[in-house]
Amino acid sequence: MTQTQLTRPRLHRAWLVAAVAFVALVGAAGFRATPGVLINPLQQEFGWPLGTISLAVSINLLLFGLTSPFAAALMERFGVRKVVACALALVAAGSGLTVFMTATWQLVLLWGVLVGLGTGSMALAFVATITTRWFVKQRGLVTGVLTAGSAAGQLVFLPLQALLVEQYGWRWASLAVALGALAVVPLVLGLLRDHPAEVGLTAYGATGAPELPPRPAGGAAKRALSVLATAARTKAFWFLAIGFAICGMSTNGLVGTHFIPAAHDHGMPTTTAAGLLALVGIFDIVGTVLSGWLTDRVDSRLLLGAYYLLRGVSLFVLPSLFDASAGPSMLVFIIFYGLDWVATVPPTVALCREHFGQDGPVVFGWVFAAHQVGAAIAATGAGLLREHLGNYTASWYLAAGLCMIAAVASMMITTLRAKRSVPVPVAP
């Protein structure tokens, strides 16, 4: 046997990049988990109305989405590493400075604007960029894993933050998030790379010589807006955007923001409700990774239609499950809903790539912006409905009906690929 035969093959650098991206996404997820835990403490300390606090949450969610396509364009122009490091620094600054706020405008500025911009720069368009550049084989699976890290990290942080709020006050929860985000910055700067060709490689599963793509001419804003103008002429874009807007309404905007206050209305302790959301995050890991695996094998339209339909059914049942304690029926809901939490992301990314080729990550950034617009509407709308009706029941039923519309919209997406989307050859 030759020396070459005895040498074990080296792990492709793409897997290290994916691992660093996973850690960065989990770090950025921390502050996005905070609103549901802090709503009641902020009301008690400052006397601020629920509608005002929900407005800050809505601005955060809105900017989290609207920043995404521009961040994807910035990554094309200046590199992933620089954009992600700056984004983590923004999250840390916004979270850390929150402990000094005394007025609602400061809440909106720090919690809403600053952190919204930071987390938006590391939204799921970041996932689409990493998987498009670094993977050909296993692309759907890696998309599922990274998406699960982002969403599950947001929910798994909840018990720790709830414990910090209960034992030490809400300011310690904000400081913990700031320190966590800062701790990830050296890892990103030291290990993350913008493109395989920088280290003499091709994407995992691709053939041919390593080649750096040309940086796009013009500014990032012009690039993002021109891609939007082109994509908006297609029906596929609008069906994807409608479905993902409803996805945002029924996850981050409604359940992620208002599940804990809704459970509290029925006498459930905050720590118990936060623990239930953490379970959603755990089962989300399984569901999203499985969804990524299925995306490599099954028609993405069918997956989206099934996910939205099942989510609508679960939300329709939820109002009857709330109680002072977490009974078996609520635990069944948590498991079922957790498996479906962001399982929609891998097939949505795949459809953006299929229909829009190399513009796919930026197009997905705009589709994700629609997701966060929906989340922002639901966060504010559910808070206002709670104030006027005295409960969240109408919000759950409305979200259930909208999920049925999303299922129909997903099935109406054409299966034809865009002519300019040229698949990269896959190594045998």
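Scanning for something outside any helix (DSSP H, G or I) and open to solvent by 30 Å² or more (accessible area, probe 1.4 Å), does the range 255-266 turn up at least one residue? Within the range 255-266, one or more residues are outside any helix (DSSP H, G or I) and open to solvent by 30 Å² or more (accessible area, probe 1.4 Å). Selection of the range 374-416 for residues being open to solvent by less than 50 Å² (accessible area, probe 1.4 Å) and out of contact with any helix residue (DSSP H, G or I) (no Cβ under 6 Å at 6 or more places or on another chain) yields Gly381, Gly390, Gly401. Applying the criterion of being among the hydrophobic types (A, V, I, L, M, F, W, C) and buried (at least 16 other Cβ atoms within 10 Å of the Cβ) to the residues of the range 192-210, the residue that is modelled with the lowest pLDDT is Ala206. Residues that are open to solvent by 40 Å² or more (accessible area, probe 1.4 Å), farther than 25 Å from Thr147 by Cα and acidic (Asp, Glu): does the range 289-296 have at least one? Within the range 289-296 (the criterion being open to solvent by 40 Å² or more (accessible area, probe 1.4 Å), farther than 25 Å from Thr147 by Cα and acidic (Asp, Glu)), the answer is no, since none of the residues qualifies. Quickly run through the range 313-347 and pick out the residues that are more than 12 Å from Asp284 (Cα to Cα), part of a loop (DSSP other than H, G, I, E, B) and either in contact (Cβ under 8 Å) with a residue 60 or more places away in the chain or touching a Pro at 6+ places or on another chain (Cβ under 6 Å) (or both). Residue satisfying the conditions is Phe322 alone.
Taking the range 268-287 as the range and being open to solvent by 50 Å² or more (accessible area, probe 1.4 Å), more than 22 Å from Leu25 (Cβ to Cβ) and at pLDDT 85 or above as the test, the residues that pass are Pro269, Thr272. Scanning the range 315-369 for residues that are in contact with a Phe, Trp or Tyr (Cβ under 7 Å, 6 or more places away or on another chain), buried (at least 19 other Cβ atoms within 10 Å of the Cβ) and within 18 Å of Ile405 (Cα to Cα) yields a total of 7. No other residue among Val108, Val57 is under 28 Å from Asn391 (Cβ atoms), under 16 Å from the mean Cα position of the chain (by Cα) and in contact (Cβ under 8 Å) with a residue 24 or more places away in the chain apart from Val57. Filtering the range 176-204 to residues that are over 22 Å from the mean Cα position of the chain (by Cα), more than 14 Å from Ala87 (Cα to Cα) and not aromatic (Phe, Trp, Tyr) leaves Gly190, Leu191, His195, Pro196, Ala197, Glu198, Val199, Gly200, Leu201, Thr202, Ala203.
The values are calculated or read from the model by the stated rules, or taken from the named source; none is laboratory data. Just so we're clear, the structure is a prediction, and the values are computed from it rather than from any experiment. FYI the Cβ positions are ideal-geometry reconstructions off the backbone, even for glycines, and counts take in every protein chain you see. Note: accessible area is taken over every heavy atom of the protein model, side chains too, but ligands, DNA and RNA are not part of it. Shrake-Rupley method; radii C 1.70, N 1.55, O 1.52, S 1.80 Å.
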